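Taken together, the values in this text are just the output of simple stated rules run on the coordinates, not laboratory data. Remember, predicted model here, so these are calculated numbers, not experimental data. Cβ sites come from the backbone with ideal geometry, for glycine too, and all protein chains shown count toward neighbours.
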Amino acid sequence: MTNSSDQDFIKQPGQQRTLLTIVGDSASIDGKFKISQAIEIDCELKGKLNVEGKITIQKNGNVVADVVTNEAEIIGRYEGNLEATGNVEIKETGIAVGNIKTDSLIINKGGIFSGNVSRITEEQHSSKKKLKSEQDSDKEAVDVKSEQDSDKEAVDVKSEQDSDKEAVDVKSEQDSMEINTNDFINSLRNRKKYVSDDDENLVL
């Protein structure tokens, strides 16, 4: 059995609960934050924020941080690098300084923005184009290497053919020398027989 105070802390289905409450005239927070749903800031905050839902910087909020979020609403002051997959809206009293990466930026009348803005889709397209260019370069390098290997194989085959041809030429010269030597010996033998018949005192 639970009392009424315990029931206040029981989360009902579909109900959101407050995770952090800061009470006072001012506060300063510094660190890294990962928020699963949404956060509203009405004080000074520095660091890094990763918000899966929406970040709202209230009128007294002063955020100096790198933020990755789904949506952002700036009523106070923001400075840093902001990336949002959804809308970024700068209200009438809002001031944003830095780099904003989003496909939808809304600046209401009176809102101030100073910095650079880029589209997420363009950056993704640029990344894909760069990746394709690198892949093409790698393919060209492989093709060049393949051609070099083919040229090397052709040179090796020609070298082997030249070596075989030189071996055949050497064997042909040896055969010619052997034939000439046999002719010379036979010639001497015939001459010896001829002289012996004419002059019995002459011996070779």
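Going 7 Å from the Cα of Ile112 toward and past its Cβ, which residues in the range 62-81 have a backbone nitrogen under 11 Å from where you end up? From the range 62-81, the list is 77-78. Taking only the Cα atoms of the range 23-77, the ratio Rg/Rh comes out at 0.93, with Rh defined as the Kirkwood radius.
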